[in-house]
Each structure stands twice: as structure tokens, then as C-alpha cells.
Amino acid sequence: MSLFLGIDIGTSTAKAILFDPMTAQTLAVATQEYPLLKPTPQQAEQNPTDWWQAVIKVVRRVTQLANRHDVVAIGLSGQMHGTVLLNNNGAPIRPAIIWADQRSQAECAELVKPYGAQSYAAITGTLPAPGFLAATLLWLSRHEADTLAQCQTVLLPKDYIAFCLTNELATEVSDAAGTGIFNIQQRTWATEIIESAGLPMKIFPRVVASTDITGYLTTQAATELGLPAAIPVVAGCADQPAQAIGNGLITAGQASITIGSGGQIFVPLANVMTTDPRLHVFNHAVPDTWYGLGAILSAGLALRWLRDLVGLQNEANAYKILSAEAAPLPPGAHGLIFLPYLSGERTPHMDPLARGAFIGLTAYHQRGHLARAVMEGVAMALRQTLELTLALGGQVERIIAAGGGADSPIWRQILADVIGLPLQQTQLAEQAGVGAALLAGIGTGYYPNFAAACGQVVRLGPLTMPNVSHRARYDELYSQFVALYPHLKQNFHELAGND
């Protein structure tokens, strides 16, 4: 049996993994960074051609590392929400506006106004947020009408790579669901919202299942990648469901917490009875399945910010140093609470003008106190998100912990203590890339279904149990944490007006 190639288009890097389904092992991984463009403090863009050039490099590198080129199927995963505009020749018209962009706050309100928040979310499973494709397109229609007029097709980031691979224009259900302008029950574009917003329906691509073969590797792309032509390319899915597949989160009754750059709560749903405008409900890559997603914008990014602030950005062991200083301190870091809203916030506040804060800071507090407060603040923001998300999907007995933050024993223990549930860390690296590779295997018939694919690869480590002696203190701190944003919201908005 030959290999599956998983390609993941992240916010900072492209990754390629070669996966051997016979041994259920990842043979090699390659990564390549690309720049994030910040034309203004509120804007975030990337050049789609940078993604493609990075893909060429990582695919060539990963096949060289494994010394194998016998790829029989390709699957894709990618950052959600971003907007790529292509002209009649399939070339990008302008840099892609990605999920971290904050320019379209007014357009979010404009999209929702004709419907109201509850009715809008009932159709799309989510309210539009700045950086979502729906809001970005409306912003472009207001501020770059000539640019939008040149657009023949709008794609999401990973779908642009699929186009480069196959010359086929399409998206799939999980990524389309993340646009804020997709009907999650009917699995079609929300035509009524598109028309009421005055957006051109013709630019929206066809939507296929995540396991569908959307095309085959063209001769030109094969030459650039150093692979044989005509390899089937499976549509793949957005990065959150791809990671969930790598963690085995394919049925209801499960949940995961990811501490990456941002933080996410992922809960598979068997049906969508209700939606909550403070959350996102999107289509899973698994057929007839949805998922509730709560997202905070600064998780690992908050600790990275602190690392740089205290002068450890060039220290190879910076995070180990911060963890070692935070570990012996008591819950609450001697009276210090951190609000992790360094880039605004999504769940539950949906407020791009929210701001970060240390509350209770004194001359006694040192670097370790700040580090522990950051870890606890992120954990409490994730608890607030988890409580809302589980209201949609029911209770769970344990939660899978993923992302780089979960690799820190102290942060993982703090998280277990704050949420009061056991955490089980995933042992599988590169879950999104592996998820993309598994979709390639399902789409080409190697695996009969998702359960068979996940059953072969999912690996979970030992449980991290909550420390019951810390629960009362963390419940007290959590109540204070939840009360702080409403008290400070007006101050945040006034201060943001002076940015």
C-alpha cells in the first residue's frame, strides 16, 4: 500500500505529512513559514501565492525526508474563514483577508440587522464575526467595489490550494459552514442572506462533501511538487474538524479543548436543535454531524506575549522557565487575575474591542505570578466557553486536551482544576494533517468509514485529574473572572476609541 499526503494551510505555516495507512504511522513532516501582512493594526492579510509556494516546498521536503514518492491520494486542511478572490484567469486579485482581520465589525451588524441575532444564527449556526468571509465580502463591496467586481470566484484558503493542485473550483461543507453565510441544515449557501446583502451569488463556488474527490493532480502541479500526475485530491475540511478527526471526535458525547495560538472548545453534535449566537455551530466533515465551537482569540498567544514582554523571546527554554516559576505558586497567583482579551474576544463576548488586563497587580507580584495568572485566565475563559458549548451537546466525562499549551504539565493541571473534569492529552502529533490524510483515505475508499479510520490512529495518554483541594478556590476566582468583563466593557470600548 502506498501513502496518503495531508496538507495543512495554517495561519503561520504550511505543513505536509506523509502517512502510511498500513502501519498507521506518520513517516515525515515538513513545515514552511510565510508572512502575515498587517497593512493597519486592524487588518490581517496573506498572499495566496505564498501559501502555494510554501506547499511546493513542504511537499518536496517531506517526500525527500521519507525518501518516498508513492502518494496515492491527497487530503487538505486549512485555516478557516479567510477570503481569496480570483479573477477570470484563476489568479488572486488581492491579498487574502484572513480570520484575524478586524476591519469588518460594522458589516457584521449590517448582515444581521434584517434578521435579528437568533434568526440569523438559526440559519447559519453562527453570527458573522470580523474576519469571516461573509463580513469581509460585504466590507469589500463597500470599500473596494472595483476589486470585488473583478472577482469570478471566492474561495477559502485550503480550497485555493486545491485549485492550484487540480484546476477545479470548489469548497466543501465544513469550510463553507465557517463563512457565516451558509445554511448549515440544508448544506447550501444561504441565498437569502447573500441576496439581502447585495453580494453577487455567481462568485460562490460549488459545495461538495469533505470526502469527495474534487479533482486530480494536474501535470503542471505534479511537476512543481515532484509527484506523479493524476493523483486524486480529496476536498478535505477546515482545520478544526480535521484536528477533531485526528483526535477521534466524530460522534456526540465527546469534547476537546485546544490551547494553540487561540483556544477552542469542540463538541460534536448529532443534531442542531438550538443555536446560541455566542457560539459557532458548523457542519462537521463527518456526514450528518455538526459541531459546537467556542473560540477564544488569545490562548497560547497570551503566554507568547508575556514571554516577549519579559525579555525571553530569544530564550530557547522560555516556556519551561515560565512554567517552572508558575508551578509552585498557589491558585490565584496571590490575588492576580488576567483577562486574556489581547486581540478582542469571540466566545462569549463577540467583542473585537475587548481588551486584556491584569486585575489585582501589586509590587509583590513577579514574573512567575504573571505567568500563572495568564495560564489561569486562559483556563477560565475556556471554562466559560465550555459551559456554553456543552449546553448544546450535553455532558461529557472527560475532555481531550490538544495544542501546544496542553504539553505544559502545569497548564494542563490548571485547566483540569479550573474546569473540574479529567483531561486526556492526545498523543498524536499533527492532528490536522493526519485528519486531512485520513480524509484522503476515506475519500478514495481505503477506509470504509470514519470510525475505521480514526480507530487506527487515535492515541490518548493518561488522565490529568482535577485537584479537588483547588476546586473551591478556582470556583471563587471564576465567579470574579466572569464578573469583570461586564464591569470593564465600557472602559475597554472607550480606550479602544483612542487606539
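The values are calculated or read from the model by the stated rules, or taken from the named source; none is laboratory data. These numbers were taken from a predicted model, which means no experiment stands behind them. With ideal geometry, Cβ positions are generated from the backbone for all residues, glycine too; neighbour counts draw on all protein chains shown.
When you check Val286 against the structure, is it among the β-branched types (Val, Ile, Thr), in contact with a Ser or Thr (Cβ under 9 Å, 6 or more places away or on another chain) and not in a loop (DSSP other than H, G, I, E, B), yes or no?
For Val286, the condition - among the β-branched types (Val, Ile, Thr), in contact with a Ser or Thr (Cβ under 9 Å, 6 or more places away or on another chain) and not in a loop (DSSP other than H, G, I, E, B) - is not met.
Just name the residue that is nearest to Pro287 (Cα to Cα) out of those in the range 215-269 that are part of a strand (DSSP E or B) and under 11 Å from the mean Cα position of the chain (by Cα).
Among them, the one singled out is Ala238.
If only one of Gly263, Gly335 is crowded, with 24+ Cβ neighbours inside 10 Å and under 21 Å from Tyr485 (Cβ atoms), which one is it?
Testing whether each residue is crowded, with 24+ Cβ neighbours inside 10 Å and under 21 Å from Tyr485 (Cβ atoms) leaves just Gly263.
Would you point out the residue of the range 181-204, among those that are closer than 19 Å to Tyr160 by Cβ and either touching a Phe, Trp or Tyr at 6+ places or on another chain (Cβ under 9 Å) or at pLDDT below 95 (or both), that is surrounded by the fewest Cβ atoms within 10 Å (Cβ to Cβ)?
Trp189
Taking Thr362, is it in contact (Cβ under 8 Å) with a residue 24 or more places away in the chain, out of contact with any helix residue (DSSP H, G or I) (no Cβ under 8 Å at 6 or more places or on another chain) and hydroxyl-bearing (Ser, Thr, Tyr)?
So Thr362 fits the description; yes.
Filter the range 123-139 for residues that are among the aliphatic types (A, V, I, L, M) and touching a Ser or Thr at 6+ places or on another chain (Cβ under 6 Å); which is nearest to Met350 (Cα to Cα)?
Filtering first and then ranking leaves Ala135.
Quick check: is even one residue across the range 8-23 surrounded by 15 or more Cβ atoms within 10 Å (Cβ to Cβ), under 24 Å from the mean Cα position of the chain (by Cα), of a type in the set (S, T, N, Q) and at pLDDT 95 or above?
No: zero hits.
Only residues that are in contact with a His (Cβ under 7 Å, 6 or more places away or on another chain) and farther than 18 Å from Arg278 by Cβ: list them for the range 102-141, please.
If the condition is that a residue be in contact with a His (Cβ under 7 Å, 6 or more places away or on another chain) and farther than 18 Å from Arg278 by Cβ, then Leu133 is the only one that fits.
Return yes or no: is His349 in a loop (DSSP other than H, G, I, E, B), surrounded by fewer than 23 Cβ atoms within 10 Å (Cβ to Cβ) and out of contact with any Leu (no Cβ under 7 Å at 6 or more places or on another chain)?
In short, yes.
Considering each residue of the range 118-163, count those that are part of a helix (DSSP H, G or I), buried (at least 20 other Cβ atoms within 10 Å of the Cβ) and not aliphatic (A, V, I, L, M), and give that number.
Total satisfying the criteria: 9.
Being over 30 Å from Gly360 (Cβ atoms) and among the small types (Gly, Ala, Ser) narrows it down to one residue among Gly420, Gly433, Gly403; which is it?
Gly433
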